[in-house]
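One structure is given here, and the rest of the page talks about it.
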Amino acid sequence: MGVKDLQDLKKLSMLRSQIDGKGIAKIMNDDFRTVGPEDRVVDALHIMKETGSQDIPVVSGNEYIGSVGYGTLLKKKSVLLDSKIRTVMTGAPCVTKEAKITEVAELMIMNNARQIPVVDRNRRIKGVVSRSALIEVAASIKAFREIKVWEIMSSSVETVKENDLLEDALEVMRGLDIRTVPVVDASGTVVGIVGMKEIIDNNWRRKGRQTVGDLSGKHAPSAILVESFCATAPETIPWDSTIGAAAEMMMNSYISTLPVTENGKLVGILTQYDIIEMMAACKEREVMFVQISGLDEDDKYYSDVMDELISYEMGKVAKVNRPQSLTIHVTKYNAAGARHKYSMNARLIMDDDMISAKEIGWDLPKTTEDLLKKIVTMVMDAKREKVDFKKKIR
């Protein structure tokens, strides 16, 4: 079985049943930490550091009222560590024990969440479902041992070298809104991996830290090299290995990112997010699933324009291959003074293929249009290649 087999409704239904058959109650963790709205940001960061959880539920009394996330805090670099949680918390989704695992997977993708609280009818938290719990489910699904890593990995990978400056790695992370970057040598061999977690853990010991930015490297000395922070001998996985094997490796090694190699050279990257996105694609639905994440309040004004562009360009795709899901993540950053630039990463899953694309630009609607046109071109090129191949073998 491969990704293309998900177009077979019978196979898709069987896979969905295997995933959802595990049940929320069986995979949720009832040993979790919470914070209150009057607690401090530094208190939440302490819990994240101690537990490894990147989303901490916020409760008022016994009621779940929101979440404070690692990713959200990293974007608020000027926030003081003594700030109240209520100033940075977000309204995050929750589920009951009756929810299906594919629904939880979709919620994680839609909200870029690391864990989803499980509540009762009074919104009292009974447990949490983490990304790691879903990865454990994936590792147990037989069909996932027939889907290859190359079918869902991201082949466009940003890297740094050991003798690059730490600021270079941070710039890559900020620009792409990612938290880990592979470290390669001159021949393209993976020799390490540097993550925001390692940077924050190191900066935690520094004196004079007052803001989140102080922890995430905003004021890091420019002369520090990547080799001072990177983890060496990182876990990697061959491109022709299976998703089941990758999920098992992530589960056993407590990691969220796997560099993908071919003959020892880096050819892609596979994350927990990629696997969970595939699980979400198995959710029963009647229409194409579209998710745009990363838009801030100022840019949500463009949502309708983006929806129209997606509808128009996906109409072209539908003529040659049925689109099942399209996820677009937007990262906004200052590239020149106060002027904002947009980095957009998209993944389109179709009946028998998957396309990943990236686009950078100054204008959000124009960048969206360019990204979608690039995807359509890639779909059409792939279709022509298949037709040409069939002609050759006749």
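Based on the Cβ-Cβ distance from Glu162 to Glu50, what FRET efficiency comes out when R0 is 45 Å, to the nearest 0.05?
Result of the calculation: an efficiency of 0.90.
Would you calculate the separation in nanometres between label points at Glu171 and Glu198, each defined as 7 Å from the Cα along the Cα-to-beta-carbon direction?
Reported label-point gap for Glu171 and Glu198 is 2.0 nm.
Express as a percent, rounded to the nearest 5, the fraction of DSSP beta bridges in segment 231-321 (both residues included) that run antiparallel.
75
Using amide H atoms built 1.01 Å from N in the peptide plane, name the residues 5+ places from Val191, or on other chains, whose amide H lies under 5 Å from its own.
Here the answer is Val183, Val184, Asp185, since their amide H atoms fall under 5 Å of that of Val191.
I'd like the distance separating the alpha-carbon centroids of segment 255-299 and segment 98-115, in whole Å.
13
Please return the longest stretch of the chain lacking exposed loop sites, where chymotrypsin sites (Phe, Trp or Tyr not before Pro) count only if DSSP places them in a loop and at most 14 other Cβ atoms lie within 10 Å.
Looking at the chain, 1-203 is the longest stretch - no exposed chymotrypsin sites (Phe, Trp or Tyr not before Pro) with at most 14 other Cβ atoms within 10 Å.
Could you give the length gained on full extension between Asp307 and Val320, defined as 0.36 nm per residue of separation minus the Cα-Cα distance, in nm?
Gain in length upon complete extension: 2.6 nm.
Stretch Asp120-Thr232 to full length: gain in nm at 0.36 nm per residue minus the Cα-Cα span?
Full extension from Asp120 to Thr232 adds 36.0 nm.
Expressed in nm to one decimal, what extension gain is obtained for the pair Glu385 and Thr189 from 0.36 nm per residue of sequence separation less their Cα-Cα distance?
67.5 nm
For Glu297 and Thr96, what is the calculated FRET efficiency with R₀ set at 22 Å and r taken between the beta-carbons, to the nearest 0.05?
0.15
Under the rule of -39500 (n - 2.57) per DSSP H run of 4 or more residues, summed and divided by the residues of the chain, what mean residue ellipticity at 222 nm is obtained, to the nearest 500 deg cm²/dmol?
It lands at -11000 deg cm²/dmol.
Using the Karplus curve 6.51 cos²θ - 1.76 cosθ + 1.60 with θ = phi - 60°, what ³J(HN,Hα) values do you get for each residue of segment 315-323, in whole Hz, with x for Gly and Pro?
x, 5, 4, 4, 6, 10, 6, 6, x
Going by amide H atoms built from the backbone, whose H comes under 5 Å of the H on Gly127, apart from near neighbours?
Val118
Is there a quick way to get the dipole size of the chain? I mean about its Cα centre, with the Cβ of Lys and Arg at +1 and of Asp and Glu at -1; what is the value in debye to the nearest 20?
440
If you take the beta carbon distance between Asn112 and Asn263 as r and set R0 to 41 Å, what does 1/(1 + (r/R0)^6) give as a FRET efficiency, to the nearest 0.05?
My answer for the efficiency is 0.75.
Residue by residue, what Karplus-based ³J(HN,Hα) values in Hz, rounded to whole numbers, does segment 324-330 have, using 6.51, -1.76 and 1.60 with θ = phi - 60° and x for Gly and Pro?
9, 8, 9, 10, 10, 10, 10
Over the chain, what relative contact order in percent results from Cα pairs under 8 Å that are six or more residues apart?
It comes to 16 percent, rounded to a whole number.
Every read-out reported here was derived from the displayed coordinates using simple, explicitly stated rules and does not represent laboratory data. Treat the numbers as computed from the prediction; the structure is a model and nothing was measured. As a convention, Cβ positions derive from the backbone with ideal geometry for all residues, glycine included, and neighbour counts pool all protein chains shown.
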